[in-house]
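FYI, it's all coordinate maths here, none of it is from the lab. Treat the numbers as computed from the prediction; the structure is a model and nothing was measured. Glycine also receives a Cβ, built like all others from the backbone with ideal geometry; neighbour counts cover every protein chain displayed.
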Amino acid sequence: MSQYILRRVLLSIPALFGITVVIFVALRVMPGDPVSVMFGTQATKIRPEDRAKIEADLGLSSPLIVQYGKWLHDIATGKLGRSFWRGDTVVDLLVQRGPLTVEIAVMAIVLSWVVGVPVGILSALRQNTLLDYVARFFTVLFLAIPSFWLGAMIVLGLLLWRDYAPPLGVINLWDNPIQNLQIVWGPALVLGLAISAYIARMTRSGLLEIIREDYIRTARAKGLRERIVVLKHALRNAALPIITLSGILFGLLLSGTVVVEQAFNVPGLGKAMVEAFVMLDYAVVQNLVLLYGVVFVVLNLLVDISYAWLDPRIHYT
Amino acid sequence: MQGQPHVGVFSGSLVLLLVTLLMAWASATAQTAPAPPGAAEATDAGLLKAPEASPKRGGTLRWGGLANSTLYDLHQTGTIANMGPQAPMYDLLVQIDPLNWNRILPDLAKSWQVSQDGLTYIFLLREGVQFHDGAPLTADDVVASFNHIIFPPSGVISPRRGLFDAVREVVATGERTVEFRLKEPSGFFLRALAAGFNVIVRKKTLEENNYDLRRVPVYPGTGPFRTKSVEPGVVRRLERNPSYWNPTLPYLDGIEVFHLEFGPKTGAACLAHTIDFCWGIDPVSEQKAQRIKGLTTARVYPTTYWGLWLNFRTKPFDDVRVRRAVNLVLDKPGLIEAVSESVGTERAGWVLPTDPHFQEYWAKAREQPGWRSPTAEDRAEAKRLMQDAGYAQGLKGLDFVVRDIPFQLAWAPMVQDMLKRELKIESTIRPVASGVWYEEASSGHYDLTIHAYGVTLPHVADYWGNSFKSDGGYNFMPYSNPEFDAIVAATARESDPAKLRALIEQGIQILDRDVPSIVFSSAYIALAWWDNVQGHSTATKGANFWEGMRNETWWLAK
């Protein structure tokens, strides 16, 4: 197993390297000039010699390969660079805003399983009944509704009907749990429901396949309770594709935080990424995209490892 | 007994004394009784206090609006995103009275003298003023601050440098004396000094940071508040400066300045009372706020031009007949109405609504061709002009660059349609990000483009100077007329109101004739505050957009 993990880690390095190249090139190729964005309408008054000095200060006047090399050096030394705009480090940004995004992501995943798996099970066991049709209607609905729209409707609804808006600022769980939950519940709910729709559909189709197997008929014939048959025998075998899907959906979750944090005005990493992108703050965008890439790769490795735990037939060498 | 005053005399004298004392005390009390709200006018910022009789001390104000300070150097920026969170920490040399808005008050400068020829301004600084780090304010700090603004070193951008073109040098002639020596008289010099961004910082701060404070989030000022903590892009928390040189102020213990995007996000937080003072709500939230008990709204007016540039480098926009034709057929009132629920904008002309001369000018101009909704005669005249210019068949293939801001994206197809229907001018809309727009506009890579920009002062020398004077900061058409340039230069020197009005009239005539750009409107920003926020005069702030942001007289009722 350890050899497998090592091999996977080594294989992920080229993938992450590829991410750095893609994001670096994409930002430089994209139209727009950070100095112009930085100064807004005042940019038109910048003298050429001033522009040259500002670009040199930001490292933008170096050749691209030098800029890329410097960024890789910053990553290797853990510095990750500074925002073009404010001068605060990317590490500061991660420490300040990261916990909220992580909390939203974890709550969303938990919610997606808590809602998606039971709905999928019920839908499979009551196939082609009213319950199944209702469940399938809602899963398709939540697959189709854009999360930013749903988020905006929730914000608007609460404001117009209850005169309510969540607290402002970064309030972590350990600072004030109540206010923290007021901030994160909305984005977590929207994201969780969107992902639960996928989980529910995968659970339903997986279970429908499994419950027709001979060993399930045998288990029932032996007189086991239906709950044991479904949860212990059927679901365990149907879980593998659900877990695989969860790993892939985590990528959806990461991109989803960018959208829902904007909709709910939550000052997490997703919102920071949007702001940095609009402002062409290369350092912040590059490092956040890379971070998301690392998280995605690590989580998928954990998903793969979990197969061995779930299915004794799977051995990694 | 003989020789002893009669008791009755004693009694009478005592009574008389008591009555006299009582009358004197009553008189003194009457003289020191607090003036009714709004009536008292401080003659000096050191005497400023809240207009209400019994302001309460304490509490933390929650201010919400565009406050994602980037480029922390106030001398180098021009956005509310800096002024909101940072202005309370700094003072000015002189300031606009933040309660009555009708005059310039001594601020860090206790007094000043102006030479007979208007070429020398001598300021005497207040004693006993300290920066937040305990260092005393000296003349060298003021000189360094204004050299930073007026004569910026390489790599430092100073948007307001043009306001001080008349200044030859700034010199400290004593520990507390600063002299501004001018090349020529300036009609708005004190007003320029009072512009909200021209704050006084420590000379040592500038030197230690190589004269660039763009990435320095906290640097000492002399203002009523100082930074407690900064979460970039989220909130700046300010606390009361206990050593503030006005012993009465501030009343608040602190201010939390939350960053909220302009428009509905600020509106939502305002209506839910998550914030007490709301900067920049959308028109729909403004209407709703006006119906809520406990909420008050007001509008403030930046000095801005919103409109359409036609690139003079592109034929036939160098032909004034074509520009006049375009101006005649565009329905400006209609364009304003079309975006009225998403952004605050109102009609404007060559003279902007923030200018004291606007009312007089607009009364005559608003129903003239080119400013009113087009009539049949206007359209016929436009077609005739195009025919005279040789473009009766219209134009094809024009590049219409539009910045990715909602109201501009909404306007673009309307403008495109009007030009096509009326004048057969066909264009392709090219939406671009803001950063790209600045590049395209300044380098002339467009045929038509919608613009929206602001300047500092509601004075023609500033907004005409930037917009239509040769080499003006936003003159990207580019338009050049030496006669007009001379008029703008003269307005900068002129302090006599009647002569200034005459110069403005001359300038208007030239602009009416040349039509260097198509002006649609000017902006307003809607503000709102809950009734617990007292001690301010936001309701009458009007055109003093960048001023009165220090919040030193504000207090919380509950």
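Peptide B:258-266 shows a mean partner chain C-beta count of 3 within 10 Å per residue C-beta. Extension gain, residue A:243 to residue A:176: 0.36 nm times the residue separation minus the Cα-Cα distance gives 20.8 nm. For the stretch A:81-175, the Kirkwood hydrodynamic radius comes to 17.1 Å, computed from all pairs of different C-alpha atoms.
Computed from backbone phi with θ = phi - 60° and the Karplus coefficients 6.51, -1.76 and 1.60, the 3J(HN,Hα) list for the stretch A:278-291 is 4, 8, 6, 7, 3, 4, 5, 4, 4, 6, 5, 5, 4, 4 Hz; x is used for glycine and proline. Separation of the stretch A:37-62 and the stretch B:392-420, taken as the distance between their Cα centroids, equals 30 angstrom. For the stretch B:175-213, GluC sites (Glu not before Pro) meeting the loop criterion (DSSP other than H, G, I, E, B) and having at most 15 other Cβ atoms within 10 Å: B:175.
Given their separation in residues at 0.36 nm each and the Cα-Cα distance between them, residue A:302 and residue A:26 gain 96.4 nm when the chain is fully extended. Taking a 20 Å limit on the Cα-Cα distance, which of the listed pairs B:332/B:364; B:332/B:499; B:364/B:424 fall beyond it? Checking Cα-Cα distances, B:332/B:499; B:364/B:424 exceed 20 Å.
Here the peptides A:80-93, B:474-487, B:288-301 are ranked by packing, the mean other Cβ count within 10 Å, and the order with the highest first is A:80-93, B:474-487, B:288-301. Straight-line reach from residue A:45: taking Cα to Cα under 13 Å and skipping same-chain neighbours fewer than 8 places apart, the aspartates and glutamates in range are B:439, B:471. Take each residue of peptide B:430-440, count the partner chain Cβ atoms within 10 Å of its Cβ, and average: the result is 6. With R₀ fixed at 22 Å, the C-beta to C-beta distance from residue B:426 to residue B:384 puts the FRET efficiency at about 0.65.
For the peptide B:59-69, the mean number of other protein chain Cβ atoms found within 10 angstrom of a residue's Cβ is 1. Shape summary of the protein assembly as shown, radius of gyration then Dmax from alpha carbon positions: 33.1, 139 Å. Take A:124-136, B:229-241 and order them by the average number of nearby Cβ atoms within 10 Å per residue, most first; the result is B:229-241, A:124-136. Per residue, the convex hull spanned by the alpha carbons of chain A comes to 178 Å³. The label point for residue B:208 and the one for residue B:393, both projected 7 Å from the Cα toward the Cβ, are 7.0 nm apart. Label point of residue A:309 set 7 angstrom out along Cα-Cβ; within the stretch A:225-239, amide nitrogens under 17 Å from it belong to A:236-239.
Modelled this way, with points 7 Å down the Cα-to-C-beta line, the labels at residue A:228 and residue B:557 are 7.1 nm from one another. With both residues required to sit in chain B, DSSP beta bridges show an antiparallel share near 75%.
With neighbours defined as other Cβ atoms within 10 Å of a residue's Cβ, the residues B:89, A:153 order from fewest to most as A:153, B:89. What nm value, rounded to one decimal, do you get for the distance between residue B:119 and residue B:102 when each label is placed 7 Å out toward the C-beta? So the two model labels end up 3.6 nm from each other. The sum of -39500 (n - 2.57) across all DSSP H runs of n ≥ 4, divided by the residue count of the protein assembly as shown, sets its helix-only mean residue ellipticity at 222 nm to -15500 deg cm²/dmol. Kirkwood hydrodynamic radius computed over the stretch A:157-206 comes to 12.9 Å, based on all pairs of distinct alpha carbons.
Would you mind classifying the stretch B:403-558 by shape? Square roots of the alpha carbon gyration tensor eigenvalues, ordered a ≥ b ≥ c; an a/c under 1.5 is rounded, otherwise it is prolate if a/b is larger than b/c and oblate if not. Here the stretch B:403-558 falls in the oblate category.
Over all directions, average the projected area of the Cα convex hull of chain B and note it in nm². Don't skip to the answer; put the middle values down first.
Working: hull surface 133.5 nm².
So the Cα hull casts an average projection of 33.4 nm².
A DSSP coil position with no more than 15 other Cβ atoms inside 10 Å describes the following trypsin sites (Lys or Arg not before Pro) in the stretch B:80-148: B:103. Measuring between alpha carbons in the structure, the pairs from B:293/B:558; B:183/B:204; B:49/B:541; B:383/B:420 lying more than 20 angstrom apart are B:183/B:204. Around the Cα centre of the protein assembly as shown, unit charges on the Cβ atoms of Lys, Arg, Asp and Glu (plus for the first two, minus for the last two) sum to a dipole of about 2660 debye. Each DSSP beta bridge with both residues in the protein assembly as shown is either parallel or antiparallel, and the antiparallel ones are about 75%.
Using the count of nearby Cβ atoms within 10 Å as a rough guide to exposure, how do B:342, B:154, B:427 rank from fewest to most?
B:154, B:342, B:427
Across the stretch A:15-82, the fraction of Cα-Cα pairs farther apart than 14 Å, rounded to a whole number, is 67%.
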